[in-house]
Amino acid sequence: MKDARIRRVVKAGKTLLIDGPASIIMLSGKATVLGAPISPEEKVLVRFGKRMPFFFLEDSELEALLGDSASIMELEGETVPQSWKEAAQHVISKSPRLVLVMGGVDSGKTSLCTYLANLAILHGYKVAAIDGDLGQSDIGPPATVGFSLLERPVTDLFVTKPCSMIFIGSTTPSRACDEVVEALTVLTRRAEEAGADLTILNTDGWVSGEDAVEYKVRLVEKTSPEIILALEEKGELTPIISTLKDVEVLRIEPPETIRRRSREVRKSLREMAYKKYLKDAKVRVFNLNWVRLEGDPIMRLLGLRCTPDQERLTELKEVLGAPPIYYGETLDKAFLLLDRCLNKETRAKLELYFKKPVVILRRGDESGRLLGLKDSRGNLLGIGVLCNIDPKRRIIRVYTRVTETVSSIHIGEVRLNTEGKEIEYPSGKSLKPKPTDINL
């Protein structure tokens, strides 16, 4: 479908809700987006899957380039809830070190963080925004948490440059609670050290169930915010809030105009972010003698230095019917790299032979893993996609745009194909790609 270009005159006091993908240029007049002033000749991009509220302070004219699935809805008045305005003014008057924003999926957390940050900046604050949502990160790629220092009001945190990022390797917080809590605690400290007067910590939408409650309570206890802004409709945050002590909680409602996003749209947004951080990437080859592997304990076995035992290889050939590509042992397990899967009977024979658990790795199973590349101090330099690991030659091939010296590589759970698409079963479980899925 061809993009549509339109001109539109909007009266003062009106709001245009614009769903992306769209490009907006103010031709005349004055407007704001979540508190950020929009001036004539300024271009504002609205990403696919995102909705922006343009509130017009005076009669204005704009030009809009609307992509496929984009739309414009005109409403009377401003769509930012009164409770948001009151909460923002309260925060600014209190001058807290850290504000934590909490709410369910698609409750408006990112919009609230953006609105609060913009108003604080306009009041002279130096603001840091931390994104703690692994699956829908606006600051840094998915599977990471990070923070940006905001120099001026913004319409979308996605355009800001991360000052610091920490790779988690999963887009689901329930699989990495301890790592996320520790990472966000570190980022709050780094934001303060970077000179932020106010740090705004945006959290993920996992709020239901005992595990979610425990996770969120522990996050609050570790980061110690002075104020929590709780976005809720029907008391869904009560199990969390009722457990908290010594912290001020402001309950505020989500906006009525919030856009609910499907699982497919959320996945598409993640894939757009992968592409952003892999733009202009190339294949780099790293020597495993100089680069340490972290993360997935099974994949890390391929990075171990092992001296082949010829007698073992001969005996393994008899058990398997063919020699393994590679094998090694630790004190508590043995591991084999093979070209094929094994049946239960052969697995049982191997465990009897080694007298300990045996991990079977199939060549190509590592391909497509999302990686975090770090420097000697553990700082995340950027992400990459694992092409393959050659344990015999002790090298790892990575598709990345990182050009700096890499000291460690964190192997995550997420898998991508050559087009930056997440590889999944329909049920949502990870799918191990064939070796040909990553051929870079």
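Overview of values
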| read-out | value |
| --- | --- |
| 5 angstrom amide H check on I38, placed H, neighbours 5+ away | A31, T32, V33 |
| P(r) of the stretch 1-122 over all Cα-Cα pairs, binned every 5 Å from zero, in whole percent | 2, 11, 20, 22, 18, 13, 9, 4, 1, 0, 0 |
| Sparsely packed trypsin sites (Lys or Arg not before Pro) within the stretch 1-69, loop by DSSP, other Cβ within 10 Å at most 12 | K2, K11 |
| For the stretch 213-271, the fraction of alpha-carbon pairs in successive 10 Å shells from zero, as % | 19, 38, 31, 12 |
| Overall form of the stretch 82-262 per C-alpha gyration tensor (a/c, 1.5; a/b vs b/c) | rounded |
| Using θ = phi - 60° and Karplus 6.51 cos²θ - 1.76 cosθ + 1.60, couplings along the stretch 241-257 (whole Hz; Gly, Pro as x) | 4, 5, 8, 7, 10, 6, 9, 7, 10, 10, 7, 9, 8, x, x, 5, 9 |
| Cβ-Cβ FRET estimate between S242 and F48, R0 fixed at 41 Å, reported to 0.05 | 0.60 |
| Folded to 0 to 90 degrees: helix 310-320 orientation relative to the chain principal axis, Cα | 80 degrees |
| Length added when fully stretched, L250-V186, from 0.36 nm per residue minus Cα-Cα | 20.6 nm |
| Size of electric dipole in the stretch 82-262: Cβ of Lys, Arg +1 and of Asp, Glu -1, about Cα centre, debye, nearest 20 | 360 debye |
| The stretch 254-344: trypsin sites (Lys or Arg not before Pro) falling in loop per DSSP and having at most 11 other Cβ within 10 Å | R260, K279, R305, R340 |
| The stretch 45-100: radius of gyration and largest Cα-Cα distance (Dmax), Å | 15.8, 44 |
| Cross-link reach list, lysines versus K355, counting only Cα pairs under 26 Å and skipping chain neighbours closer than eight places | K317, K333, K344, K392 |
| Reachable aspartates and glutamates, given that their alpha-carbon falls under 14 Å from the alpha-carbon of K126 and they are not under 8 places away in the same chain | E151, E192, E193, D197 |
| ³J(HN,Hα), Karplus 6.51/-1.76/1.60, whole Hz, each residue of the stretch 18-28, x for Gly, Pro | 10, 9, x, x, 8, 10, 10, 10, 6, 8, 7 |
| Radius, Kirkwood style, for the chain when every pair of distinct Cα atoms is counted (Å) | 24.0 Å |
| Neighbour-count order for V105, V414, fewest beta carbons within 10 angstrom listed first | V105, V414 |
| Other-chain or far-sequence residues with amide H under 5 Å of L381's (modelled H) | L373, K374, D375 |
| Which listed pairs, of K50/K161; K276/K374; K30/K85; K11/K161; K43/K94, have C-alpha distances above 23 Å, in listed order | K11/K161; K43/K94 |
| Volume per residue of the C-alpha convex hull in the stretch 4-76, rounded to whole Å³ | 69 Å³ |
| Percent RCO, i.e. relative contact order, over the chain, from Cα pairs under 8 Å lying at least 6 residues apart | 13 percent |
| Inter-centroid distance (Cα atoms) of the stretch 47-86 relative to the stretch 287-320, Å | 57 Å |
| The stretch 280-440 - Rg and Dmax from Cα coordinates, angstrom | 16.5, 49 |
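Read-outs throughout are calculated quantities, based only on the coordinates presented, and are distinct from any laboratory measurement. Just so it is clear, the structure is predicted and the values come from calculations on it, not from any experiment. Cβ sites come from the backbone with ideal geometry, for glycine too, and all protein chains shown count toward neighbours.
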